[in-house]
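A quick write-up on the structure given underneath.
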Amino acid sequence: MKYQQLDTQIWAGHSSIWSTTHTILGREMGVVVDSPVTPGELAALATRTRPALVVTTHADWDHLLGPMAFPGADLAIEHRTATRLTREFTTIADEMHVWDNANHTLERQLPDWSSAQVVVAPATLQSPCGALTLYSTPGHTEDGIAIEIADSGVVIVGDYISPCEIPQIGPTTGGAHYLAALTTIDRLINQAEWIIPGHGWPLTATQARVILHEDREYVRAVLAGDDPRLPRCADDDSQQLTHQRNLAAARSV
Ligand SMILES: [Zn+2]
């Protein structure tokens, strides 16, 4: 697991699995957004910081594991994430178990987020590291938020504009929502110095703009019924599979 320091109190970490990112705000009584994936990475995270608050950008299991590292921390989620966790908890947990079994990980339970503070985006969360402004960005999934960290120039965007994945359009949300989320993120990039995608590594605003433009063109083409070239990673079988799912999602919504 690697870390990059973006500010005196902000570090972006990324997992060895899918380059899933998490963000640390402050070493003591701060905030952790999203999570690494493996038990070893979660144990390593627990030695780096002691947050007062753990937040997730959306309810895909690889972003939900923070409470494993910080069992006593308060939790906060956006209300669509709360709805998804209530409705799909068993399905999401099963997806983690399937991955854990395939990767010989010891039995573990998906953290229970039912005690989390639920907020409705757009919303501002106060934190010891300053205000966090949450923006709703459904499209990759039915839930999803981007988080702007006040006075830092850092924006966390969840599973959008990844430098190592193509867009994943949610099968029940569709490309129109995805494009709307990109518009929200585009606006946030204009105020930002660093952008942390859910998978990959921190991007400068210039890098983020290039990826956002490529992803927007790709999603527009999929929505128009075309079969566009992948914006990146075209030689990766898993990204080709995602592409086929995107074409199916565009047809079904
Ligand atoms: Zn993800």
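What follows is calculated from the coordinates using simple rules that are stated; it is not laboratory data. Just so it is clear, the model here is predicted, and its values are computed rather than measured. Cβ sites come from the backbone with ideal geometry, for glycine too, and all protein chains shown count toward neighbours.
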Cα long-axis angle, helix 175-189 against the chain (0 to 90 degrees, to the nearest 10): 50
Top of Thr47, Thr183, Thr133 by mean-square fluctuation, Gaussian network on the chain, Cα under 10 Å: Thr47
Local net charge near Asp94, Cβ-Cβ under 12 Å (Lys/Arg +1, Asp/Glu -1): -3
